[in-house]
Amino acid sequence: MKALLFRFGILSLSLLLLSSTKTNDQEFQGKAYYISKSNLDLGRWGARMSEAQKKQIKDRLKNRLEKSFVLTFNKEESLFKEEEKLDAVSGATDSWGKNFAAGLQYKNVKTNTQIQNQDFYGKKFLVKDGLQAIEWKMGTETKQIGNYTCFKATASVPTSDLQWFSFSWDSIRNTEETADAGSDSGEEKKPEVPMTEIEAWYSPQIPVRHGPSEYWGLPGLILEVTAGDTTMLCSKIVMNPDEKIEIKAPSKGKEITKSEYQETIVAKMKEFRNNRMRR
């Protein structure tokens, strides 16, 4: 009888600990605030400009070069969004740039799901796809970011995969030039795939696999990431705030995949270009 009661007590304690762990997982949540800065490459035009002209252009494009974001997360899910601000020069929001900026992004690392709102010239899209595949190379270097010890990881990812919500005339020209060259030679020529080198710093002290934008999958929250000419740095973290955070996936808009959304953008921009040439 005593043995039976002992086993029952052990089972009850185990269930209690399991329930407690599950509850803690559900309650484990936080907010990470990021600041992103991008370098402006003026290319050959920059060589013809004075320093005053370059500064003027940078001031006008400040909203696109410097942005603020917030990442809300629990163990499995996250929401990432840009904090909208007024243009420093005009006092208005960057309405044209919003057509090619990332919208509200939901990620679920357990189900490998990404759902993102995108607005393109007044039309709403709901982009549903898998999380960006990233093969991280784990490093041994460490550095301190705020109160957190961070470890370095690197990766190389196709640039188009990271910027599927954006648009570049250069990529269109390169694709068209490659197609023309292939038709002239009679052979199918595959375009080169531009790659973006990524350097990330993550902290195991915050044991979640989340990160800003497309980045995720490391054994700790990503506090800093540099990809190409853009760096995103976490400026503040609030863990387990008093007010419970609700994470909900976006649900409105025409359902579409990342590749289908990119095709939609390219087709529309080509249409704009052709209409302008006809006029």
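The values are calculated or read from the model by the stated rules, or taken from the named source; none is laboratory data. Note that the coordinates shown come from a computational prediction; the quantities given were computed from them, not determined experimentally. No Cβ is skipped: glycine too gets one built from the backbone with ideal geometry, and neighbour counts run over all protein chains shown.
I'm trying to understand the selection: among the residues of region 55-85, which are outside any strand (DSSP E or B), at pLDDT 95 or above and within 17 Å of the chain's Cα centre (by Cα)?
So the first thing to find is which residues in region 55-85 are outside any strand (DSSP E or B), and the list is 55-65, 75-76, 83-85.
Narrowing the set further to residues that are at pLDDT 95 or above leaves 75-76.
Result: Glu76, single match.
Could you check region 249-263 and list, in sequence order, the residues that are in a loop (DSSP other than H, G, I, E, B) and either loosely packed, with under 13 Cβ neighbours inside 10 Å or without any contact (Cβ under 8 Å) to a residue 40 or more places away in the chain (or both)?
From region 249-263, those in a loop (DSSP other than H, G, I, E, B) are 249-253, 257; that's our starting set.
Across region 249-263, the qualifying residues are Ser251, Lys252.
What tally of residues in region 212-235 results from selecting those that are part of a strand (DSSP E or B) and more than 24 Å from Asn39 (Cβ to Cβ)?
1
How many residues, within region 105-144, are modelled with pLDDT of 95 or more and in a loop (DSSP other than H, G, I, E, B)?
Residues meeting the conditions: 11.
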